[in-house]
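Take a look at the structure below.
Just so it is clear, none of the values below were taken in a lab; they were calculated from the coordinates. It should be emphasised that the depicted structure is a prediction, and the values quoted were computed from it without experimental measurement. All Cβ positions, glycine included, derive from the backbone under ideal geometry; neighbour counts span all protein chains shown.
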Amino acid sequence: MPQHKSAKKRVKTSLKRKERNKVYKTKLKNVIKKVREDDVKETAAKSLIEATATLDKLASKGIIHKNKAANQKSKLAKAVNKLKAEKKD
């Protein structure tokens, strides 16, 4: 248990940050999952734009590291580019 006043405050603030970061990270996982689950290239590309914006926002806020964001964007773009375009019959 914290003994000093400043240590008690750190416990409180770290718990607040943990809760806030949990919300952001859950949103990030859902956005990434949405891109990976799309089978059609056009819809996956739209989801990729949303995922890229989310990754950039979280990296700028310091929730995730900027290099992690760059790696994730690269992997998602590679996965979307690998998809075949929808056939029109």
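Among the residues making up region 10-42, those that are more than 18 Å from the chain's Cα centre (by Cα) and of a type in the set (Val, Ile, Thr) are 11, 13, 40.
Restricting to region 27-49, name every residue that is of a type in the set (Asp, Glu) and surrounded by fewer than 15 Cβ atoms within 10 Å (Cβ to Cβ). The answer is 37, 39, 42.
Selection of first residues in region 36-49 that are without any contact (Cβ under 8 Å) to a residue 40 or more places away in the chain and within 8 Å of residue 80 (Cα to Cα) and of second residues that are among the aliphatic types (A, V, I, L, M) and surrounded by fewer than 18 Cβ atoms within 10 Å (Cβ to Cβ), restricted to Cβ pairs under 6 Å at least 6 apart or on distinct chains, gives the following pairs, ordered by first then second residue: 44/83. The residues in region 50-67 that are without any contact (Cβ under 8 Å) to a residue 12 or more places away in the chain, within 15 Å of residue 32 (Cβ to Cβ) and surrounded by 13 or more Cβ atoms within 10 Å (Cβ to Cβ) can be counted, and the count is 2.
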